[in-house]
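Asks: There's a structure below that I have some questions on.
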Amino acid sequence: MAEKGMGDTLLKVDGIETCYGLSQVLFGLSLSVKSGEMVSLMGRNGMGKTTTIRSIMGLTPARAGSIRFAGSEVRTQPSYRIAQLGVGLVPEGRQIFPNLTVRENLVAAAADRFDSSNPWTLAAIYVMFPRLAERASNMGNQLSGGEQQMLAIGRALMTNPKLLILDEATEGLAPLIREEIWSCLSLLKSRGQSILVVDKNVDHLARICDRHTIIERGKTVWSGTSDELMAEPDLQHKYLGI
């Protein structure tokens, strides 16, 4: 589990441009996450949030700009290498392995490449998500949406990442499950885990995130603290449709 304390910039995305074929989606987008910091990425649907995550992970490589992680330029690195450097992804749609059990999903990519002082283990994941312990022998496709999201978070944590990225952290989940996910993220933050989170729930994000980045049509249009975000309701209306 990550060490406490906010320090150096862990992730710095600077002026990236990303396309799908001839269609350009990101136009010079920038954001950053410091060590121990929780940052949100917000914007309306179709504005480039998932493309930003895919660019950071090397799944849809940016054609221009810079993506530095833990001091290394990773824009042209393959996604498996970026994951090995310490980025754990909870993807939109969860994408768990349907034909593996809960336990097999959790251990499939488990690693502790950085000799964590208190690494994530099966036992630690089961303490955080008791429901996964109860369902340990169930196949991934036998889980509810909320259980699948817990499993996707647990699977990412089992890689003991320096940075945890969640794309649509609570989308489509029942209210009680959403609250459980937010509680989980608050706990992770309190333990010093660096987190980049995409979600639409501004109130929850403002409560637990240190900073926020809002994007519109593939560009960063605003960034600031939770206090600054909540002090500008016009900003939320203009860019988030709230």
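The values are calculated or read from the model by the stated rules, or taken from the named source; none is laboratory data. From a predicted model like this one, the values you see are computed outputs, not experimental measurements. Backbone-built Cβ (ideal geometry, glycine too); neighbour counts: all protein chains shown.
Asks: Looking at the stretch 38-57, is at least one residue crowded, with 19+ Cβ neighbours inside 10 Å, of a type in the set (D, E, K, R), in contact with a strand residue (DSSP E or B) (Cβ under 6 Å, 6 or more places away or on another chain) and within 19 Å of residue 168 (Cα to Cα)?
Replies: yes
Asks: Does the stretch 191-242 hold any residues that are polar (S, T, N, Q) and either more than 20 Å from residue 163 (Cα to Cα) or touching a residue at least 60 places away in the same chain (Cβ under 8 Å) (or both), and which are they?
Replies: 193, 194, 201, 213, 220, 223, 226, 236
Asks: A further question on this structure: Taking the condition of being among the small types (Gly, Ala, Ser), in contact with a helix residue (DSSP H, G or I) (Cβ under 9 Å, 6 or more places away or on another chain), assigned to a helix (DSSP H, G or I) and touching a residue at least 60 places away in the same chain (Cβ under 8 Å), how many residues in the stretch 148-169 meet it?
Replies: Number of matching residues: 1.
Asks: For the stretch 112-126, how many residues are of a type outside the set (Phe, Trp, Tyr), modelled with pLDDT of 85 or more and more than 20 Å from the chain's Cα centre (by Cα)?
Replies: Qualifying residue count, the stretch 112-126: 3.
Asks: Further question: From 92, 104, grab the single residue that is surrounded by fewer than 21 Cβ atoms within 10 Å (Cβ to Cβ), assigned to a helix (DSSP H, G or I) and of a type in the set (D, E, K, R).
Replies: That would be 104, the only listed residue that is surrounded by fewer than 21 Cβ atoms within 10 Å (Cβ to Cβ), assigned to a helix (DSSP H, G or I) and of a type in the set (D, E, K, R).
Asks: Kindly list, by first and then second residue, each pair from a residue in the stretch 98-115 that is more than 8 Å from residue 155 (Cα to Cα) to a residue that is assigned to a loop (DSSP other than H, G, I, E, B) and hydroxyl-bearing (Ser, Thr, Tyr), limited to pairs with Cβ atoms under 6 Å and residues at least 6 apart or on different chains.
Replies: The qualifying pairs are 101/137; 111/159.
Asks: Taking the stretch 83-134 only, how many residues are in contact with a strand residue (DSSP E or B) (Cβ under 8 Å, 6 or more places away or on another chain) and not hydrophobic (A, V, I, L, M, F, W, C)?
Replies: 7
Asks: Would you pick out the residues in the stretch 203-225 that are surrounded by 15 or more Cβ atoms within 10 Å (Cβ to Cβ) and either closer than 18 Å to residue 183 by Cβ or over 21 Å from the mean Cα position of the chain (by Cα) (or both)?
Replies: Across the stretch 203-225, the qualifying residues are 204, 205, 206, 208, 209, 210.
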